[in-house]
Amino acid sequence: MKLLYLYFTYRPEFKRIFADDIEFNFDSEMRFKLDGGELKRIDGVGELPKGFFSVLPQNSTSPAVDSVSVIAGGNGAGKTSIVEVLLDIKDALTTPQSSKFKKFIVVYCRGAENACYYESNILDLKTPDGLKKMTDEAWANNGFQDIPLLYVTPHFTPYALVDIPAYPHSFSDLSTIGLLKAVNERVYNPQAKDMGDIQRLDPIGPYQTEQTKWTLSFVRAEQELPPEKKLSLDEKLQDEGAGDQEPVFKPIGILVSLSKVVAQKLRSEKTAEDVKRILKNIQSTEYDFFEKVFYAYAGLYVNDHNSAAGAQLIDKNDKEQCDAWERCLEYENDLTDLFSGEFPPKKQDILRFLGNQKEYQQKDYVNAVRAFFSKLGEIPGLLSQQELDNASLTGSIVLDVKSHEHFKRLLELVDLHFKAKAIVPILDFDTVPRMSAGERAFFDTWGRLYHHFLESIEVRTSPQDGANLDPSDSQNWPGMKDAIIFFDEAETTMHPEWQRRIVQRTIWFFEAFAPWVHPHLIFATHSPILLSDVPAGNVVLLERKNGRSEVRPMDKTKAFASNIFDIYRDSFFLKSGCTMGAFAASKVNALLEKLKPRKLTIDKQELDGILSLAKIIGDPFISRLIWRRLEALVDDDGDLRVDHFEEGTGI
């Protein structure tokens, strides 16, 4: 799928930040321009060889990625807003009466079909030969509104980055905040009335657990790829001993530990005494890891269901809800009774309790708790006695990600933990050694895509009969084909060496794992690094003028295979033309002003500071300029020449 061209003007009441009659061309070869009432083909910006957007040799003739584009611009230029435009177009095609546009045109290629377009309120629009005009019936059956659109970003803010229409069509929000909200909807009581209720239940924990599983699933799948599908490492980096800059998963283990929330509840003055009596046992070295995890689970469950706020969520007129709440309270009471003796229950007591077939709540939840602790009970068999002793002391274990058996059990444990936890997490999962924010952002992105295209219920299960599907059978799952995938500042928090790999690695991901998708990848970025991977005709430069966003022409010499440092120096990225930080520039400019001929006002007391500053300036041209001005004023001993200095008057 290729998105080729967009033209639009919003209605006055729906004004976005874009100028009226704005046009976007996303492709080097098929480019268009609206001239009056005619949509014309214009000259391309170079012809790309067949299979251009491919990484693996076997995909050079049949690439899995149809196109890659970059939208570059400063803060507030409208890069992310392009997603909202595409969603508004989808909405307008589905419900024309609620369209936000005065007019718009979208041109795209899908599969073997010729480019198609749609226009609104543009009567008798002439189109170039070979451009298929879609009728209303054609749009209804196979229109732009049905093309999957994915939004991916590592940004995490409490606010939605994209304004999603009330009834989004074929849209998946894979941003951190979007996934967090989706996890909450699956986990928490659907009767929660507002975000205040959700926030009370600590929404971050469930998301972190799911994201951990997605990332680990991707890492495991990457490790098991056949050699011909693996992405080669940079031999130059390896030879120079800079392999740590390679974007590979470096942790050797996963630390599984009692959730930090447990310790917080134990310290909190608001936690009830019966809850603290259960939780305090995790501090003792007399109990093994299995027992401590159960004590954490029991304490958190009793704490959550002891809450008056939780009871307020229940509709007192709904008998089914009231009965379910009563069963929750019964389960809570039985958990409390289990800890009523002089000593906490040991492993055999816990297993006996979990084996009780009494169904306190929903059957699925009860079974999930039993399955989780059953799987947890298998973990000690993977560890040495010393590791088990350390687990009793620290309340944590480390599983080896290089061990197939360890990794398999780990993924099962993470999955079951998500289903069995008592609202807030029982366990925390972290890497050993701990990954940086940039490493997490990098691998979390692939984990999200891997889960979406290869693990989600919609992919694995047929809506008709529940039968398992092969995701690569695109005929059985057309909803995953021909996607537009929008990466919003994917380079955030990453080292420049890793930023160089984003485009390459994303293309490789679809070649190795999801070749049936045939996406158009669009990267919105501040980084000039990404431009050097994309032909100039596939680059859109956005800049703000007089409060409105406009498209700026792209210099074709400042894109694909261009020197990254030359792109940085382009005035689009550095409008001031200055190639140093603003703080340094202010210091240098002040010094140059002070050293201008006939304006020298320094005295002996200022000289040391000037010389110190001159010595640390890194730019060789500026450094030579300053030293030439100083040489005439300073003798071999570093003092001002007497013939150039008069006490109290300067020079």
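The values are calculated or read from the model by the stated rules, or taken from the named source; none is laboratory data. Bear in mind that the values here come from a model prediction, so they are computed numbers and not experimental data. Backbone-built Cβ (ideal geometry, glycine too); neighbour counts: all protein chains shown. When the accessible area is computed, the model is the full protein with side chains, heavy atoms only, and any ligands, DNA or RNA have been set aside. Shrake-Rupley method; radii C 1.70, N 1.55, O 1.52, S 1.80 Å.
Data table
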quantity: Pairs beyond 31 Å (Cα-Cα), from LYS181/LYS558; LYS230/LYS292; LYS260/LYS402; LYS15/LYS40; calculated: LYS181/LYS558; LYS230/LYS292
quantity: Within the accessible area of the stretch 362-446 (1.4 Å probe), percent carbon and sulfur; calculated: 51
quantity: Per residue value of the accessible surface for the stretch 498-547 (all protein chains in place, 1.4 Å probe), Å²; calculated: 22
quantity: Farthest toward positive dipole pole in the stretch 39-99 [+1 Lys/Arg, -1 Asp/Glu at C-beta], among ALA72, ILE89, PRO57; calculated: PRO57
quantity: Within the accessible area of the stretch 58-133 (1.4 Å probe), percent carbon and sulfur; calculated: 45
quantity: Under 11 Å, Cβ to Cβ, from THR394 - net charge with Lys/Arg +1 and Asp/Glu -1; calculated: -1
quantity: FRET efficiency for HIS526 and LYS230, using Cβ-Cβ distance with R0 set to 35 Å, rounded to 0.05; calculated: 0.70
quantity: Per-pair calculated FRET efficiency, R0 = 56 Å: ASN390 and ILE616 via Cβ, rounded to 0.05; calculated: 0.70
